[in-house]
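Have a look at the structure below before the remarks.
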Amino acid sequence: MSTYHGVEHPDPSLINDDIKPTSEAERHWSVANMASLWIGMVVCVPTYTLAGGLIDQGMSWWQAVLTISLGNLIVLVPMILNGHPGTKYGIPFPVLARASFGILGAHIPSLLRALVACGWFGIQTWFGGFAIYQLLDGLLGGALQLPDLPLLGISATEFGCFLAFWLLQIAIVYRGIESIRVLETLAAPFLIGIGLALLAWAYLAAGGFGPMLSAPSAFAPGGPKEGQFWTVFFPSLTAMVGFWATLSLNIPDFTRYARCQRDQILGQAIGLPATMTLFAFISVAVTSATVVIYGEPIWDPTVLAGKMGGGATVLISLLALAIATLSTNIAANVVSPANAIINLDPQRFSFRLGGYITAGIGLAIFPWKLIESTEGYIFTWLIGYSALLGPVGGILVADYFLLRRTDLDLEALYRRSGPYWYVVGVNPAALIAFVLAVLPNLPGFLHQAGLIDGFPALAVFDQIYLYAWFVGFALAAVLYLGLMARSADPSKITG
């Protein structure tokens, strides 16, 4: 193979049509397309319930919205930085990781990211299937209630709705990557419109947004958690960063289709923080109105949809929830693991097959078990994987911007020789930096997950764990640069 889509003499085991550099004709995503991508990913059930989880931990509505907004402004920075090489070179995340981790070492960060995406795929599929179940059950007056299945812990009807939604996503995966751009572009205005319509309905039906918007936080003087705000704020902020820490790594999978850096930067800046803040406000405002309308706060939009009206309302709600979940899940949680699987063996795997494998893992992990409690969802799942992926982000940013000054040897990224082969295909500096940056967060994670008991020295690690993403990102970047300075031949650093 002498030339493959502009790459001279690539190794056939490292390239195929799905992970080759994008051509000029393929780079047609505009600012609007990038913003639509983020709107489609942001508007979903988990982001709607994020603010509820923070309020459940004791925050007031404005504290919850501010925490979510600040977290997304922070994660926007690595999102834009890691998006740069995707647009400049047209390469996906697993190929970019070859520059820092090595041609073969790149499998480690790409597969770690893929496993998290598989978990999220399962969670989003569960939300989508459960939305179908809740709405149909409300429409049929509880006729769908059946005993739980052994081992699964959910009813046969719930599992059937979950499986139906899973199959719907399989059909979209079958149509390929371009179908995702079309789905996001069409879904974005519809989803924003539905959100604003829901906000207007709540305001009119309740005569305002009710008592929740004026309720003090639990941390106020005399409150049940007086003086404990910062002990909840910092881990919650880390969790909000962790919510999109996955995409901050594999965002090149999408920015490789952008027309220029301006399109990817503006598109992301418009689509991510603004939409997350708006949707968080809609969540708390609508929920505050349900206290007046129904006598209790209803944080779950699927439950709310079932209470709002008759058959027409249920059908519109079902359509909105299905589109919201589809637009999030297909883009955020299929593309990355599919590309990671392709990277394992480009001659054997395609995007379609990678997507099928992702869906299979998402089905097998029992996602409803991951989100049984708010505390487990925020403090174990979200912070836990941010501790794992933060170091990867630190290494990528340090390597591309500080070490190589955005200069990559595109040809060498597809060869089993040259500057990215390192030691038998693996960069020891990246692996050492990654492991050392994860270790400080490990005791705190194990304690939070209930796998080890507390002891006096563990308190220090619990505090470190509150800042897991930040600690991992910064420590990995510093360690990586130090190790590369000691071990690398400066003449081989840049392409």
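The values are calculated or read from the model by the stated rules, or taken from the named source; none is laboratory data. Since this is a predicted model, take the numbers as computed values, not measurements. Every residue, glycine among them, receives a Cβ derived from its backbone with ideal geometry; neighbour counts consider all protein chains shown.
Among the residues of region 415-429, are any part of a helix (DSSP H, G or I) and at pLDDT 95 or above?
yes
Filter region 424-455 down to the residues that are in contact (Cβ under 8 Å) with a residue 60 or more places away in the chain and within 23 Å of His107 (Cα to Cα), then identify the one that is surrounded by the fewest Cβ atoms within 10 Å (Cβ to Cβ).
Result: Val424.
Being within 19 Å of the chain's Cα centre (by Cα), in contact (Cβ under 8 Å) with a residue 12 or more places away in the chain and over 18 Å from Ala274 (Cα atoms) is true for just one of Leu237, Leu183. Which residue is that?
Among Leu237, Leu183, only Leu183 is within 19 Å of the chain's Cα centre (by Cα), in contact (Cβ under 8 Å) with a residue 12 or more places away in the chain and over 18 Å from Ala274 (Cα atoms).
Would it be correct to say that Leu191 is under 26 Å from the mean Cα position of the chain (by Cα), closer than 30 Å to Ser288 by Cα and surrounded by fewer than 17 Cβ atoms within 10 Å (Cβ to Cβ)?
Here the answer is no, as Leu191 does not meet what is asked.
Does any residue of region 310-324 turn out to be surrounded by fewer than 18 Cβ atoms within 10 Å (Cβ to Cβ), at pLDDT below 80 and outside any helix (DSSP H, G or I)?
Among the residues of region 310-324, at least one is surrounded by fewer than 18 Cβ atoms within 10 Å (Cβ to Cβ), at pLDDT below 80 and outside any helix (DSSP H, G or I), which makes the answer yes.
Give the residues of region 446-490 that are of a type in the set (Phe, Trp, Tyr) and at pLDDT 80 or above, sorted by residue number.
Phe461, Tyr465, Tyr467, Trp469, Phe470, Phe473, Tyr480
Can you pull out the residues in region 207-241 that are more than 29 Å from Ile74 (Cβ to Cβ) and buried (at least 19 other Cβ atoms within 10 Å of the Cβ)?
Gly210
In region 106-123, what count of residues is obtained for those that are at pLDDT 85 or above and either out of contact with any helix residue (DSSP H, G or I) (no Cβ under 8 Å at 6 or more places or on another chain) or farther than 30 Å from Arg415 by Cα (or both)?
2
So which residues in region 421-469 are closer than 26 Å to Phe229 by Cα and out of contact with any helix residue (DSSP H, G or I) (no Cβ under 7 Å at 6 or more places or on another chain), if there are any at all?
Leu442, Leu446, Gly450, Asp453, Phe455, Pro456, Ala457, Ala459, Val460, Gln463
Can you pull out every residue in region 164-180 that is closer than 27 Å to Trp368 by Cβ and without any contact (Cβ under 8 Å) to a residue 60 or more places away in the chain?
Within region 164-180, Ala164, Leu167, Ala171 meet the criteria.
Which of the residues spanning region 124-170 are hydroxyl-bearing (Ser, Thr, Tyr), in a helix (DSSP H, G or I) and either at pLDDT below 85 or over 30 Å from Gly384 (Cα atoms) (or both)? So that I can check it myself, show each step before the final result.
Going residue by residue through region 124-170, those that are hydroxyl-bearing (Ser, Thr, Tyr) are 125, 133, 155, 157.
This time we only want the ones that are in a helix (DSSP H, G or I), so: 125, 133, 157.
Answer for region 124-170, where residues must be hydroxyl-bearing (Ser, Thr, Tyr), in a helix (DSSP H, G or I) and either at pLDDT below 85 or over 30 Å from Gly384 (Cα atoms) (or both): Tyr133, Thr157.
Could you check region 403-455 and list, in sequence order, the residues that are under 24 Å from Asp11 (Cα atoms) and among the acidic types (Asp, Glu)?
Asp407, Asp409, Glu411
Scan region 213-226 and tell me whether some residue there is touching a helix residue (DSSP H, G or I) at 6+ places or on another chain (Cβ under 7 Å), acidic (Asp, Glu) and more than 29 Å from Tyr294 (Cα to Cα).
Of the residues in region 213-226, the ones touching a helix residue (DSSP H, G or I) at 6+ places or on another chain (Cβ under 7 Å) are 213, 217, 219.
Adding the requirement that they be acidic (Asp, Glu) leaves none.
No: region 213-226 contains no residue that is touching a helix residue (DSSP H, G or I) at 6+ places or on another chain (Cβ under 7 Å), acidic (Asp, Glu) and more than 29 Å from Tyr294 (Cα to Cα).
Go through region 363-409 residue by residue and tally those that are assigned to a loop (DSSP other than H, G, I, E, B), aliphatic (A, V, I, L, M) and at pLDDT below 95.
Here the count works out to 3.
Among the residues of region 33-43, is any part of a loop (DSSP other than H, G, I, E, B) and surrounded by 20 or more Cβ atoms within 10 Å (Cβ to Cβ)?
In the first step, residues of region 33-43 are kept if they are part of a loop (DSSP other than H, G, I, E, B); the result is 43.
This time we only want the ones that are surrounded by 20 or more Cβ atoms within 10 Å (Cβ to Cβ), so: 43.
So far as region 33-43 goes, yes, one or more of its residues are part of a loop (DSSP other than H, G, I, E, B) and surrounded by 20 or more Cβ atoms within 10 Å (Cβ to Cβ).
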